[in-house]
Amino acid sequence: MSFQVVRPPVGVAPLLKAEGVSLEYGATRATHDVSFDVYRGDRFVLLGPSGCGKSSLLKAAAGFIKPSAGRISIDGKTVEGPGADRIVVFQEFDQLPPWKTVKENVVFPLLMTKRLNKQEAEQRALHWIAKVGLGGFENAHPHTLSGGMKQRVAIARALAMQPEVLLMDEPFAALDALTRRNMQEELGRLWEELRFTLLFVTHSIEEALVIGNRILLLSPHPGQVRAELNSHQFGLHSAGSEEFQAAAQRIHGLLFGAEPSRDGAPAAAAPDSDRSAAL
């Protein structure tokens with residue numbers, strides 16, 4: 001199984017750029033010297049085991065955490081804090097204020113940022129609620145919704161803001177297997193229609209292959225770049241194929257220190273410095 005890193009033509013600047021980013025919590029280093037580029041329209045996945053700092057990198061991109069070294073920029077401007085150009089969808093179902101209806105949850109950030117007046121905000125909210133398949137639930141409260149429906153509301157709220165980058169931190173991890181697959185399919189459908197830029201965090205190899213067109217592999221704690229690969233050829237349609245399974249096994253080897261050689265015997269993983277040719 002062979003991978004290639006596919007990049008835009010020369011001269012196309014990345015939308016989001018991480019340069020030598022190290023993140024620390026007190027004396028604990030979460031990531032070390034991590035660099036990557038996210039281009040417009042990318043579905044860029046940060047993949048790695050628990051504790052590798054992938055969620056910390058997403059929070060740094062959102063402006064919630066300041067790097068101890070390096071920088072993250074959007075359109076060439078250093079991220080100094082949260083902004084409406086970066087909207088986060090978290091894993092937790094309680095990210096929606098429970099006293100607000102579905103429509104009110106989507107409308108609220110539009111009004112708070114003063115982007116639209118009330119009528120315009122409600123019209124946009126209804127548009128995105130319908131886009132995520134929740135037409136008819138506009139006046140429902142979060143406690144009456146399933147976990148998958150709550151995540152749809154969170155996605156509608158995020159996309160209604162029309163961010164430069166949609167940031168998703170393991171948004172489907174707490175869902176049951178069937179709902180998770182359905183949400184992956186829904187996200188893919190939305191991306192095909194809208195071509196938004198996505199930075200997605202997961203610890204699931206299969207989900208990374210289904211969601212991403214580019215995947216950054218992070219080593220165990222502290223997170224460092226193990227490899228970067230292109231995965232646009234995969235999706236839910238290919239999840240059971242031999243090629244998909246071989247790709248998943250190859251990634252597992254790159255992540256955890258040994259990968260199968262051509263004759264099936266274990267071999268050393270590619271060194272951190274070799275991020276493309278060995279894939």
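Structure summary
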{"quantity": "Between the range 53-129 and the range 17-42, the Cα center-to-center distance that results, in Å", "calculated": "20"}
{"quantity": "[x] 0.91; [y] 1.02; [z] 0.95, with the label sought being that of the calculated Cα Rg over 2.2 N^0.38 Å", "calculated": "[y]"}
{"quantity": "Near-label residues of the range 64-87 by backbone N, under 17 Å of a point 7 Å along Cα→Cβ of residue 12", "calculated": "75-76"}
{"quantity": "Choice from 183, 112, 149 showing the highest fluctuation, given a GNM over the chain with Cα pairs closer than 10 Å", "calculated": "112"}
{"quantity": "Candidates per trypsin sites (Lys or Arg not before Pro) in the range 64-168, loop by DSSP, up to 13 other Cβ within 10 Å", "calculated": "114"}
{"quantity": "Distance between modelled label sites at residue 77 and residue 178, nm, 7 Å Cα→Cβ extension", "calculated": "4.6"}
{"quantity": "The chain, relative contact order in percent, only Cα pairs under 8 angstrom and at least six apart counted", "calculated": "25"}
{"quantity": "Considering only the chain, percent of DSSP beta bridges that pair antiparallel, nearest 5", "calculated": "55"}
{"quantity": "Entries in 17/103; 17/100; 118/150 that, when Cα-Cα distance is taken, lie over 30 Å", "calculated": "17/103; 17/100"}
{"quantity": "Spin-label pair residue 139/residue 164, simplified geometry with 7 Å Cα→Cβ offset, distance in nm", "calculated": "4.0"}
{"quantity": "Range in the chain, longest, excluding exposed GluC sites (Glu not before Pro) [loop by DSSP; at most 15 other beta-carbon atoms within 10 Å]", "calculated": "93-279"}
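Every number here is computed from the coordinates shown, using simple stated rules; none is lab data. Please read these numbers as outputs of a predicted model, since none were measured by experiment. Neighbour counts are summed over all protein chains in view; Cβ atoms, including those assigned to glycine, are modelled from backbone coordinates with ideal geometry.
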